[in-house]
1. Return a yes/no flag: does the stretch 179-194 have any residue that is within 19 Å of ASP43 (Cα to Cα), open to solvent by less than 60 Å² (accessible area, probe 1.4 Å) and of a type in the set (Phe, Trp, Tyr).
2. Just checking, how many residues over the stretch 273-290 are part of a helix (DSSP H, G or I), without any contact (Cβ under 8 Å) to a residue 40 or more places away in the chain and either over 16 Å from ASP145 (Cα atoms) or open to solvent by less than 80 Å² (accessible area, probe 1.4 Å) (or both)?
3. Within the bounds of the stretch 22-34, is there any residue that is farther than 25 Å from ALA101 by Cβ, open to solvent by 10 Å² or more (accessible area, probe 1.4 Å) and not small (Gly, Ala, Ser)?
4. Report, ordered by the first and then the second residue, all pairs with beta carbons closer than 6 Å, sequence separation of six or more or different chains, a first member in the stretch 111-140 that is closer than 17 Å to VAL11 by Cβ, and a second member that is open to solvent by 10 Å² or more (accessible area, probe 1.4 Å) and part of a helix (DSSP H, G or I).
5. Please specify each residue of the stretch 6-37 satisfying the condition of being under 15 Å from PRO164 (Cβ atoms), of a type in the set (A, V, I, L, M) and part of a loop (DSSP other than H, G, I, E, B).
6. Name the one entry in ASP84, ASP145 that is at pLDDT 85 or above, surrounded by 14 or more Cβ atoms within 10 Å (Cβ to Cβ) and over 29 Å from GLU263 (Cα atoms).
7. Please state which one of ALA345, ALA390 is crowded, with 17+ Cβ neighbours inside 10 Å and either touching a residue at least 24 places away in the same chain (Cβ under 8 Å) or in contact with a Pro (Cβ under 9 Å, 6 or more places away or on another chain) (or both).
8. Regarding LEU3, is this residue in a helix (DSSP H, G or I), of a type outside the set (Ser, Thr, Tyr) and either open to solvent by 50 Å² or more (accessible area, probe 1.4 Å) or out of contact with any Cys (no Cβ under 6 Å at 6 or more places or on another chain) (or both)?
Amino acid sequence: MTLSDTILREVVAGYLTATPSAPIGVAVSGGSDSLALMILMRDWAQEVGADLRVVTVDHGLRAEAAEEAQYVGRIAADLGLSHDILRWQGWDGTGNLQDRARRARYSLMTDWAKENGIEVIALGHTADDQAETFLMRLSREAGADGLAAMQAKRLQRGITFLRPMLSLHRAELQAFLTRRDLTWVSDPSNDDPRYDRVRARQALQVLEPLGVTVASLNQVSRNLADIRETLAWYTFVEARQHVRVDHGDIVIPLAAYRTFRPEISRRLLQQALIWVSGAEYPPRRKGMTLLQLSLSAGTGMPLAGCRVTVARGDIRITREAAALKDLTAAPGEPWDGRWRLIGPAVPGAEVRVTGETGLKTCPDWRETGLPRTTLLAAPAVWQGDELVAAPLAGRAEGWRAELLRSDEQFFATLLTH
């Protein structure tokens, strides 16, 4: 069944605020899905008076990409929409190209949104993308989280990424564009079997006679999303009862931890590592498995820019000092995304990690009651090679350390990730 233009527009509008107070972004590559999303959102924006901005990321990986971005710009201009092109030049030929490009795309878009006062960016993912992703992750032996449906809303670095077309099929959107006499860009990599997504798309055609279709895989993904939410709830409940935040560290009583089911402990540890380190993505499953085995044996280990220790009956997840050795900030500015040091004016002062050198000049650090590992990774004020102040380590010197992440924010992440 071909959906009417009105139904398509209503599906998209159902995910949008009726009277948005800030500009809204839409990411458009020129492919059929994102191009259809731009048209549908333009129609919606005209009805409600929204300020819609279009952005295209040119990864610079194909000679045609620049012209395709210009093509999107011409269509946007015909629709009366502003259009910006963001260029990525970070590919050095190493690592997973698609993963690197995806991360770069989101980073560029979040920076663009913040510069333009945009709080929401709409993406053109469809039910077809959902099914292809399911098969790709199934081949990697993913768990419930990996196989669960894509989230329609996801907060990343303060920007909400919205996927309003997850219930729509690519064929429906292409029919919509055809009715509008619009053509879309066809990326040749979409037919290149070297890519996992292309092989997943081809596999779906083979599996369809068995009833394994885009629609059925989407339903399985939604079922697993319900399981994901249930597991997140029980993790939140256990954390609320047992976990505390101490000077930016996450502390879990070892006795309580040993009562958790493995999946609950994995989720709790995973989110604690993300919250402490500020990482965008969790550690790989192999690393998490090794951490759980270590903790079961009563020992910790470093992982994902954090140090996990076991002492005095507690598991403590703190920042790894070595991961901060090159990080600097001006006094009063955020440091490591977690701390702000405020104090008297000191010419040439900068905030750096306390480290071994700094802690040696803090004779009273034991009186703070904080573990040595926590203080080694704590922020301090330096003037060249001289330690000016280390407020967490007992040398305040008129300075104070302000934690930028609250306890409530940590507990909330257990439900939103």
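1. The first filter runs over the stretch 179-194 and keeps only residues within 19 Å of ASP43 (Cα to Cα), leaving 179-184.
If we keep only those that are open to solvent by less than 60 Å² (accessible area, probe 1.4 Å) as well, we get 182.
Among the residues that remain, those that are also of a type in the set (Phe, Trp, Tyr) are: none.
Checking the stretch 179-194: not a single residue is within 19 Å of ASP43 (Cα to Cα), open to solvent by less than 60 Å² (accessible area, probe 1.4 Å) and of a type in the set (Phe, Trp, Tyr).
2. Number of matching residues: 4.
3. There is at least one residue in the stretch 22-34 that is farther than 25 Å from ALA101 by Cβ, open to solvent by 10 Å² or more (accessible area, probe 1.4 Å) and not small (Gly, Ala, Ser).
4. GLY124/ASP33; GLY124/SER34; THR126/ASP33; THR126/ARG170; ALA127/VAL214; ASP128/ARG170; ASP128/VAL214
5. LEU16, ALA18, VAL28
6. ASP84
7. ALA390
8. no
The values are calculated or read from the model by the stated rules, or taken from the named source; none is laboratory data. It should be emphasised that the depicted structure is a prediction, and the values quoted were computed from it without experimental measurement. Heads up, the Cβs are rebuilt from the backbone with ideal geometry, glycines too, and the neighbour counts pull from every protein chain shown. For the accessible areas, the whole protein counts, side chains as well, though only heavy atoms, and no ligand, DNA or RNA atoms are used. Shrake-Rupley method; radii C 1.70, N 1.55, O 1.52, S 1.80 Å.
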